[in-house]
Amino acid sequence: MPVHTDEAVNASILGDMLEGRAYRYDPVDRHGPSLYYATYPIARALGARRLGDLEAWELRMAPAVFGAALLAAVLLLEPAVPAAALAAAALWLGLGAPFVYYGRTWIHETLFVLLTFVALGSWWRGRATGRAAWAVVAGLAAGALAATKETSVLTLLAGIGALVAATRAQRPGEGTPGPRPRRDIALAGGAAVLAAALLLTSFGRNPGGLADAFRSLSHSAARAGGQGHEKPWWTYLGWLLLPSLRSVPWCGWTLALFGGAGAWGAWRRRAAEPLPFFILAYAAMTAALYSMIPYKTPWLELNALAPAAILAGIGFVRACSAFPAPLRWPAAGALAALVALALGSETLRLCFRYPADPGNPLAYSPTSPDIRRLESRVEALAPGPGAGPAVIAVVGRDIWPLPWYLRRCPNVGYWAELPRSPEPSAVVSSADLADKTGRELGPRWKPEIFGLRPEVLAVLFTRDPEPPGTQETKP
C-alpha cells in the first residue's frame, strides 16, 4: 500500500525527532505528539536514526500494535459486558475492514480509539471496584488522548453525556460498590493534566506547548467547518453501508444487524445493566457529533464503530441465545464462521487487493501507485560528465507525499519557486507551477507527468544532453 500523505507528514516529524531535534507542537495544522512518542522507541529499536532509515512497514508496526491492544482493552468492560459478547466483538474489531485498514496506516486514529477505550473502561472499572488506581489509569489515558488529537474534546463530551445518561437510568440502590466520585475525579484530573503537560511540552523542553494546545482549539473549530473536507451529515452512513466499486459492505451491514440487536437489548435493560446502555449512549452521541460536523474523513468513523462493535458482540450473544440449549454452541460457531467469512472477504479486497483504489471507500485521497515510478526515475538520474552530485529541486506546495519517497536522495531541496542556485540536475514541480517552471528552465528541459494523488499531478523536468561538439573545450 503506498504511503499516504498524512503518513508522510508524520514521518517527517518523527525523522526530526530521530535526528535529535525536540518535538514542538504545532497548534495550526498538526495533531499531538502521542503517536510520535509511541512510535519512536519502535523505530529506534529497529535501528532508525534519521528519516532515510525508516521503512513504511516499521512505521505501520505501531498502529498494528495499537489495534491488537484494543482487543485487550475491551476486556476492561468485563464482567459488566459478558466475556462471550467481548469475544464476539473481536470479530469486528479484528476483522472489520475499517479497523484493519487504519490498523495498517500510520495515522493517529487507531491510537486515539485505543486510548479512548482505556480511559472509559478504566473509569468504569474504578466505579465498579472503588479502587483509586483505576481512576489514575483513566486519567493518564485521557491525558494522552488529549495529546493525540484535538477531537478529544468530542470524546470528552460524548463520554460525559453517556455517563450522565447511564447514571440517571440506573435503579436507585443499585450503585456500584464503593465509588468515591470526588476522590476519583481529582485523581483522574490530576493524572490527565500531568500526562498531557508532559507530552505537549516535550517533557519540559517546549514549555509553550501547553499554551499552544489551548490555542489550537480555535483552529480546530475553524477546521471543523470543512476546509475542503466538508460533506453532508449522512456521509458516514454512506461510506459504511453503500456498496462500492470494490466490495460489498459486510462490516457495515453486520454491525447494523447485530449492533441493532445489542442496542435494543441495552435500551430495554438500561436500568439493570448500566454499562451496555453507557456504550449505546456513547456510540450514539459520538456518531451524532461527528455527523453534525461538516469536516469528515473515513478514519474518523472508527470512533463510533468501536463502541458499535461492542454492541454487535452483545447482539451476537442475544441471537445465539435464541437457539435451544443443545444447539446453542454449534449455532454460535457456525454464525461466527459466517460473520468472519463475510468480514474477511471485504477486508481482503479493501485492505490488501485495492488499498489505494479510488473506488475503495476507505482510501481517502490515496497516494497513486504512479509515485513509485517517479521515485525510480529520480533515483536513476545521474549528472553529466564532469558535473557534481545530482541536485533535485522540488518546487511547489502540494507535493506530498513526495518527501517520503525522496527521503534517501542526498541532495533534494524544497522551494516555493524555482531556485537560481544551486543549479538542479532535475526539477519536480507541482502541476500549478509547471508552466512557469518550464518557461524558466528553457526548451532543453523535457517534462514528464506523474500522479501523486487523485487529481493531483507532479511534473518531472529533466535536461536533454548537449549535442556533441557544443560542450566548451577546456584548456
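The values are calculated or read from the model by the stated rules, or taken from the named source; none is laboratory data. These figures come from a predicted structure and were not determined experimentally. Don't worry about glycine lacking a Cβ; one is built from the backbone with ideal geometry, like all the others, and counts go over all protein chains shown.
Data overview
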| read-out | value |
| --- | --- |
| Segment 258-299 - residue that is surrounded by fewer than 15 Cβ atoms within 10 Å (Cβ to Cβ) and not small (Gly, Ala, Ser) and, of those, nearest to His4 (Cα to Cα) | Met292 |
| Qualifying positions in segment 413-447 - in a strand (DSSP E or B) and without any contact (Cβ under 8 Å) to a residue 40 or more places away in the chain | Gly413, Tyr414, Trp415, Val427, Ser429, Ser430, Trp445, Lys446, Pro447 |
| Any chance Thr5 is touching a residue at least 40 places away in the same chain (Cβ under 8 Å), touching a strand residue (DSSP E or B) at 6+ places or on another chain (Cβ under 8 Å) and either acidic (Asp, Glu) or more than 30 Å from Phe278 (Cα to Cα) (or both) | yes |
| Answer from Ala135, Ala128, Ala80, Ala72 - the residue that is closer than 25 Å to Trp299 by Cβ and modelled with pLDDT under 95 | Ala72 |
| Qualifying position, being in the same structural domain as Val113 (by TED's automatic domain parsing), of a type in the set (Ser, Thr, Tyr) and not in a helix (DSSP H, G or I), among Tyr25, Tyr36, Tyr40 | Tyr25 |
| Pairs, first in contact (Cβ under 8 Å) with a residue 12 or more places away in the chain in segment 138-152, second surrounded by fewer than 24 Cβ atoms within 10 Å (Cβ to Cβ) and basic (Lys, Arg), C-beta under 9 Å, six or more apart | Ala138/Arg125; Glu150/Arg223 |
| Failed item, numbered, when Gly20 is tested on (1) crowded, with 17+ Cβ neighbours inside 10 Å; (2) assigned to a loop (DSSP other than H, G, I, E, B); (3) at pLDDT 85 or above | (1) |
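Yes/no matrix, rows are residues, columns are (1) in contact with a Phe, Trp or Tyr (Cβ under 8 Å, 6 or more places away or on another chain); (2) crowded, with 21+ Cβ neighbours inside 10 Å:
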{"site": "Asp398", "(1), (2)": "no, no"}
{"site": "Pro401", "(1), (2)": "no, yes"}
{"site": "Pro410", "(1), (2)": "no, no"}
{"site": "Tyr414", "(1), (2)": "no, no"}
{"site": "Pro419", "(1), (2)": "no, no"}
{"site": "Pro422", "(1), (2)": "no, no"}
{"site": "Val428", "(1), (2)": "yes, yes"}
{"site": "Ala431", "(1), (2)": "no, no"}
{"site": "Asp435", "(1), (2)": "no, no"}
